[in-house]
Amino acid sequence: MTVSNTTSRNQYTATSGQTVFPYTFEIFDKNDIAVLKNGTLLSEGTNYTVSGVGNDSGGNITLTVGATAGDILTFYRDMAYQRLTDYQNSGDFLAQEVNDDFDRLWLAVQQNSEGNDRAIVKPITDSASIDMTLPASADRANSFLTFDATGAPSVTRAGDPAAPSSIVRQQFTGDGATLVYTLASAPGALGQSMQVFIDGVYQENDTYSVSGTSLTFSEAPPLNASIETVAFEVNAIGETSSNLVSYTPAGSGAVQTSVQSKLRETVSVKDFGAVGDGVTDDTAAIQAAIDSGNPEIFFPQGTYNVSSTLNYDKTSSIFFGEGKGSIVKFTATTDIPLFNHTFVDSDGSDQYNSRITFKDLFLQGLGGLLGAGGYGYGIKCGDSSANLINIPFYTLSNVYIY
């Protein structure tokens, strides 16, 4: 056969139930073609059959099971790089054998060219002296692929000065007296550096110091001076950090902070593993959210089963949900409170200035009507002392108890 100047690859998007797909290049053997479906290599005889072996214009791949609409079928020549003919002295020199031998060479060249077309190569206009060999595997592991001044490949590790970085920019205004300014994130992590400008003038490192998120000047910037800080931090490959993204709320006088700090203003009980499916016991997860110290605890829509008392040891907090879809279901069968205040003053006495606000929540399993809870504490249901919210002071806002 002749060898036409054609690509040795075909790709199709299947329709529902489609089984027959043409390939348009020559092959000598049914095993000289690879068939992928959605990137997975299929097996000849099990997943498909091949027709048209030896034809100049190719043949068909027929799937044993019809494709699903949208499946991507990819075919490419994948013949072994081997010679199958050995000419003998004084032996037969048949035209068919010679043609087949030369055809296999041209098919191998096409196959190799298809791979080269998908590789990264330097332009023909580049100097031949540029070495495009990659650094050794040990040198390039967990690093960024970069290029040096000549255009040759090199690597840059996280933390190197040239590594890709996140940039945090903040602005302050001097008042002639303030020495310390609070940064959105703490400089000093691996690969991080910071530059400080006052009225556009770069400040030498010995004119200020940084400790945690505190930027301290040795001399207070002048009244109305524009203070700008620019911090560069290199992250581990594939990672990002919310403390590196600055955030300024809308409105005059708003103070810049980090996205991390903003997100941490409120915690959800689901942040600590609560499920809210009405089946799982979420007591431990809700208690962990309370113990986190965040003053606002959010209950997304769901039913959160609580089987034992939730202990609260802060001076104030807000428990809030999304209305009737946020249900705290008390499943305890003994005479115990749902919430219990355990905070004591420094002298050991009870702290009566504590307050919890319940807002936009349904408290289920607490029984009937509200009544006095004893010693001026909380709320209880019916005539029983069971199910107290045992806290000195509380506020209910759009809360339903049943």
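No lab work stands behind these numbers, since they all come straight from the coordinates. Note that this is a predicted model, so its numbers are computed, not measured. Cβ: placed from backbone, ideal geometry, glycine included. Neighbour counts: every protein chain shown.
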Cα-based reach from K270 at 25 Å (exclusive), listing lysines while leaving out same-chain residues under 8 positions away: K262, K314, K324, K329, K359
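Starting from the Cα-Cα distance between R140 and D281, subtract it from 0.36 nm times their residue separation and give me the gain in nm to one decimal.
Numbers: separation 141, 0.36 × 141 = 50.76 nm, distance 4.79 nm.
That pair, R140 and D281, stretches by 46.0 nm at full extension.
Between N224 and A250, what FRET efficiency follows from the Cβ-Cβ distance if R0 is 22 Å, with the result rounded to 0.05?
Working from the Cβ atoms, E equals 0.40.
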Calculate, in nm to one decimal, what A288 and S51 gain on full extension: separation in residues at 0.36 nm each, minus their alpha carbon distance. 78.8 nm
At q = 0.22, 0.23 Å⁻¹, what base-10 log of I(q)/I(0) does the Debye formula yield for the stretch 241-300 when every alpha carbon is treated as an equal point scatterer in vacuo? -0.86, -0.89
Given 0.36 nm per residue, what is the gain on full extension from L42 to T133 after removing their alpha carbon distance, in nm? 29.4 nm
FRET efficiency, D29 to T150 (Cβ-Cβ, R0 41 Å, nearest 0.05): 0.35
Quick one: what are the phi-derived ³J(HN,Hα) couplings along the stretch 29-35, Karplus 6.51/-1.76/1.60 with θ = phi - 60°, whole Hz, x for glycine and proline? 9, 4, 8, 7, 10, 9, 10
Provide the packing ranking of 83-90, 328-335, i.e. peptides ordered by the mean count of other C-beta atoms within 10 Å per residue, highest first. 328-335, 83-90
